[in-house]
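Bear in mind these aren't lab numbers, they're just calculated from the coordinates by the rules spelled out. Treat the numbers as computed from the prediction; the structure is a model and nothing was measured. Using ideal geometry, Cβ is built from the backbone for each residue, glycine included, and neighbour counts are taken over all protein chains shown.
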Amino acid sequence: MNRIVNARLRDREGLFTLRWEAGLITAIEPQVDTGPASGPTSRPVDGAASATVSAAAADTAAETIDAAGNLVVPPLVEPHIHLDATLTAGEPRWNLSGTLFEGIACWAERKARVTAQDTKARAHETIRMLAAHGIQHVRTHVDVTEPGLGTLQAMLEVREEARPLVDLQVVAFPQEGIESYPDGRRLMIEAVEMGVDGVGGIPHFENTRDQGVSSVHFLMDLAVRHDRLVDVHCDETDDPHSRFLEVLAEATRVQGMGSRVTASHTTAMGSYDNAYCSKLFRLLKQAGLSFISCPTESIHLQGRFDTYPKRRGLTRVAELDQAGLNVCFAQDSIVDPWYPLGNGNILRILDAGLHICHMLGYEDLQRALDFVTDHSARALALGEGYGIEVGRPANLVVRSADSDYEVLRSQGGAQVSIRHGRVLMRKTLPEICWQDGRDARMPSPDAQGGRG
């Protein structure tokens, strides 16, 4: 039987031993805290630490992993990304305006020469980036405004091929619209028949408001008929008159879909007035849908038509959270026509999101990981397939810090990632040699601006 000792768990006092067998957690045992632990995992891993990710998984023999008082959490979750478009920035041209719509135009040109081999190679490379940061659950949107749906077929194959590293949900995403794109409805139906996990939409991009409303009702009916999850790119604009969220929420309420529905982006909410939001939040609570914010992408794409003052271009994350609605953060893009940066580290997104949303208060910092773990798992409807509880999958990550606050502050990396009870990845400490002979892993006070 394998185990992790000297583990700290979120929202629990003291240290614990976690045991697992046959890929399932079998015991969570409190242990006596005997003081600071020592050993190779007792100190933070630098951001430049090397990571070894093995799709074949590692040791088959029973072993003991010493967490050394650091935090052990379920895997981080990436709830919203576009794997079919990653690593294509600048191909065939750069998005010079930095707007959402020019990004869509650039992608339309790039996807004209997409091949299955190209799609799969980029997707697998990106998945390995995600896995190296302790992510094991991913939801990707895949553009289905493409005759033949070759890209979707390639991504469905990636879903199976990537199982040793991640659980991948595939959402049929009509990038150029359902009603506004030729045969848009037929392509969505074909995508569902091919086996996607979820149904998406982009109502604010449709040619008219009526088409946007129609697209929401169509995709919701499609999801209900075929028992699929729903994740809609909704009101991704600064336009305060873009109000498809209320249409989606009411359809969710009427259909009784609740937590099976997610509204992504909803950046127009940042431009809604408070009187309208007061009414809207009443409906959102009744509907019970989830929200995904992509803070680095949204602050980059939105506010482009403002001079000053400039809007932040994000949804009301803090207000949604305070209202008891499920909201989480996502990366959205990695080096594509909409966002030219990214490295797979969702803690970077968490850091930016909490800053942008004015959520650096004490209580927010103590529970910061909620927005990239439990909340995201709820949005993906992972249920009992996620979390540190006896009987659940032994998917565990040892972080290089001992609390949510320290993980956020230090960007504490994933030291060990365990998937279905097998070691998937370990990171090794880099060596830093100071001329004065100080500890190789401890910066000198002078280097940190302290008193020498």
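The slack in the chain from R186 to Y405, taken as 0.36 nm per residue of separation less the alpha-carbon distance, amounts to 74.1 nm. Any idea what log10 I(q)/I(0) is at q = 0.07, 0.14, 0.16 Å⁻¹ for region 76-385, Debye with uniform C-alpha scatterers and no solvent? Here the Debye-derived log intensity ratios amount to -0.23, -1.03, -1.44. In the chain, the calculated helix contribution to ellipticity at 222 nm averages -9000 deg cm²/dmol per residue, counting -39,500 (n - 2.57) for every DSSP H run with n ≥ 4.
Whole Å is fine, so just give me how far the alpha carbon centre of region 370-439 lies from that of region 213-235. Cα centres, region 370-439 to region 213-235: 34 Å. For region 302-311, putting each phi into the Karplus relation 6.51 cos²θ - 1.76 cosθ + 1.60 with θ = phi - 60° gives couplings of 8, x, 6, 9, 8, 8, 9, x, 9, 6 Hz, in residue order, rounded to whole numbers and with x for Gly and Pro. When the square roots of the Cα gyration tensor eigenvalues are ordered a ≥ b ≥ c, the ratio a/c for region 145-191 is 1.5 or more and a/b exceeds b/c, which makes its shape prolate. Toward the positive end of the charge dipole of the chain, with +1 on the Cβ of Lys and Arg and -1 on the Cβ of Asp and Glu, the farthest Cα among G198, Q366, P340 is that of Q366. About its Cα centre, the chain has a charge dipole of approximately 420 debye under the convention of +1 per Lys or Arg Cβ and -1 per Asp or Glu Cβ, with nothing else charged.
A protection proxy built from the mean count of other Cβ atoms within 10 Å ranks the segments 410-419, 144-153, most packed first, as 410-419, 144-153. About the centre of its Cα atoms, region 112-256 shows a dipole size close to 360 debye [charges on the beta carbon of Lys, Arg (+1) and Asp, Glu (-1) only; nearest 20 debye].
Applying 1/(1 + (r/R0)^6) with r as the Cβ-Cβ distance of A112 and Q255 and R0 = 41 angstrom yields a FRET efficiency of 0.70. Below 8 Å between Cα atoms, with a sequence gap of 6+, how large is the relative contact order for the chain in percent? Worked out over the chain, it gives 21 percent. Under the simplified labelling scheme, the Q153-N343 pair shows an inter-label distance of 3.8 nm, with each label point 7 Å from Cα along Cα→Cβ.
Applying both filters, DSSP loop and at most 11 other Cβ atoms within 10 Å, to the trypsin sites (Lys or Arg not before Pro) of region 102-188 gives R113.
If a/c stays under 1.5 just call it rounded; otherwise compare a/b with b/c (prolate if a/b is bigger, oblate if not). Do that for region 257-340, with a ≥ b ≥ c from the square roots of the Cα gyration tensor eigenvalues. Oblate shape, in that a/c is at least 1.5 and b/c is the bigger or equal ratio. Alpha carbon centre of region 254-291 versus region 135-182: separation in Å? What the calculation gives is 25 Å, centre to centre.
If you filter region 267-371 for trypsin sites (Lys or Arg not before Pro), then keep DSSP loop positions with at most 13 other Cβ within 10 Å, what is left? When the trypsin sites (Lys or Arg not before Pro) of region 267-371 are filtered for loop state and at most 13 Cβ neighbours within 10 Å, K310 remain. With a/c under 1.5 counting as rounded, go ahead and sort region 271-313 into rounded, prolate or oblate using the C-alpha gyration tensor (a ≥ b ≥ c being the square roots of the eigenvalues; past the cut-off, prolate if a/b is larger than b/c, else oblate). Verdict is oblate for region 271-313. So for region 76-385, taking the charge dipole from beta-carbon charges (+1 Lys/Arg, -1 Asp/Glu), which of C234, A275, T140 sits furthest toward the positive end? Result: A275, furthest along the dipole toward the positive end. In this label model, R282 and D11 are separated by 3.1 nm, measuring between points 7 Å along each Cα→Cβ vector.
When only the Cβ of Lys, Arg, Asp and Glu is charged (+1, +1, -1, -1), the dipole of region 241-371 relative to its Cα centre reaches about 320 debye.
When GluC sites (Glu not before Pro) are flagged only if DSSP places them in a loop and at most 15 other Cβ atoms lie within 10 Å, the longest unflagged stretch of the chain comes out as 64-388.
Label sites at E29 and D221, each approximated as a point 7 angstrom past Cα along Cα to Cβ, lie 5.8 nm apart. Against the main long axis of the alpha-carbon atoms of the chain, helix 244-255 sits at an angle near 80°.
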